[in-house]
1. Out of all the residues in segment 114-142, which are among the aromatic types (F, W, Y) and farther than 30 Å from V99 by Cα?
2. Looking at segment 57-72, which of its residues are surrounded by fewer than 16 Cβ atoms within 10 Å (Cβ to Cβ) and under 23 Å from F4 (Cβ atoms)?
3. Which of the residues belonging to segment 74-99 are open to solvent by 40 Å² or more (accessible area, probe 1.4 Å) and not aliphatic (A, V, I, L, M)?
4. Would you be able to say whether some residue in segment 36-45 is among the aromatic types (F, W, Y), closer than 15 Å to I102 by Cα and surrounded by 12 or more Cβ atoms within 10 Å (Cβ to Cβ)?
5. Which numbered condition in (1) of a type in the set (A, V, I, L, M); (2) open to solvent by 60 Å² or more (accessible area, probe 1.4 Å); (3) at pLDDT 80 or above is the only one that V29 fails?
6. So is A129 small (G, A, S) and farther than 20 Å from A6 by Cα or not?
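The values are calculated or read from the model by the stated rules, or taken from the named source; none is laboratory data. Source: prediction; values computed, not measured. Here the Cβ is made from the backbone with ideal geometry for all residues, glycine too, and neighbour counts use every protein chain on show. With ligands, DNA and RNA removed, areas are computed over all heavy atoms of the protein, side chains included. Shrake-Rupley method; radii C 1.70, N 1.55, O 1.52, S 1.80 Å.
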Amino acid sequence: MLVFAAGWLGDSAVVVFESTWSHLGAAVVNRLPRLHVLYRSAREVALPVVVGTTIIVLVFLPLLTLEGPEGKLFIPVALTIVFALVSSLAIAPTVLPVVASILVGSVTRGGPRFMLWLEFRYRRSLEWAFARERWVFAGAAALLVLAMLIYPRIGRIFLPTMDEGTLIVQLEKLP
């Protein structure tokens with residue numbers, strides 16, 4: 001569940017970043033002021049981001065009604081996810097366009113300099129891996145064997161034993 005929450009946190013950021021990137025590319029052609037472009041890009045995707053995040057938050061609200069051991073387990077997780085999503089919703093349309101414009105810098109015809117640099121590094125690493133296929137497969141096989149050796153030592157208990165310091169009275173009779 002936490003893995004999904006991490007993806008949901010990044011979802012609004014990706015949408016806002018993509019909008020900022022495309023608007024900054026169009027601003028080069030239209031010669032609009034940078035701050036105006038950032039405002040326009042955030043405003044364009046604000047409603048879809050808010051609605052998408054609100055739907056996810058509403059899905060987690062029923063978990064807050066759980067009682068007993070389930071409530072002790074899931075309420076903190078649900079609250080963490082809800083607070084993180086609301087914080088992400090506050091940051092995405094306000095802070096993220098400015099950070100994206102700083103990271104992107106000036107948009108060239110091929111894309112932002114940062115993305116071009118990432119693409120260059122990715123191509124070089126792919127060329128290195130394809131030139132040394134046997135080494136890459138041997139490394140992957142070694143990591144698989146290592147994972148298989150470590151797996152039996154990993155705990156398998158879903159719910160840890162909870163010792164909260166409370167007394168439990170139990171009655172046991174002879175069979």
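1. Just the residues of segment 114-142 that are among the aromatic types (F, W, Y), to begin with: 114, 117, 120, 122, 128, 130, 135, 137.
If the condition is that a residue be among the aromatic types (F, W, Y) and farther than 30 Å from V99 by Cα, then W128, F130, W135, F137 are the ones that fit.
2. Of segment 57-72, the ones surrounded by fewer than 16 Cβ atoms within 10 Å (Cβ to Cβ) are 58-59, 61-62, 64-72.
The answer is L58, V59, L61, P62, L64, T65, L66, P69, E70, G71, K72.
3. Selection gives F74, P76, T80, F83, S87, P93, T94.
4. Applying the first criterion (among the aromatic types (F, W, Y)) to segment 36-45 yields 39.
Filter once more, keeping what is closer than 15 Å to I102 by Cα: 39.
Then drop every residue that is not surrounded by 12 or more Cβ atoms within 10 Å (Cβ to Cβ), which leaves 39.
Among the residues of segment 36-45, at least one is among the aromatic types (F, W, Y), closer than 15 Å to I102 by Cα and surrounded by 12 or more Cβ atoms within 10 Å (Cβ to Cβ), which makes the answer yes.
5. Looking at each condition in turn, V29 falls short on (3).
6. On the way: small (G, A, S): yes; farther than 20 Å from A6 by Cα: yes.
Yes, satisfied.
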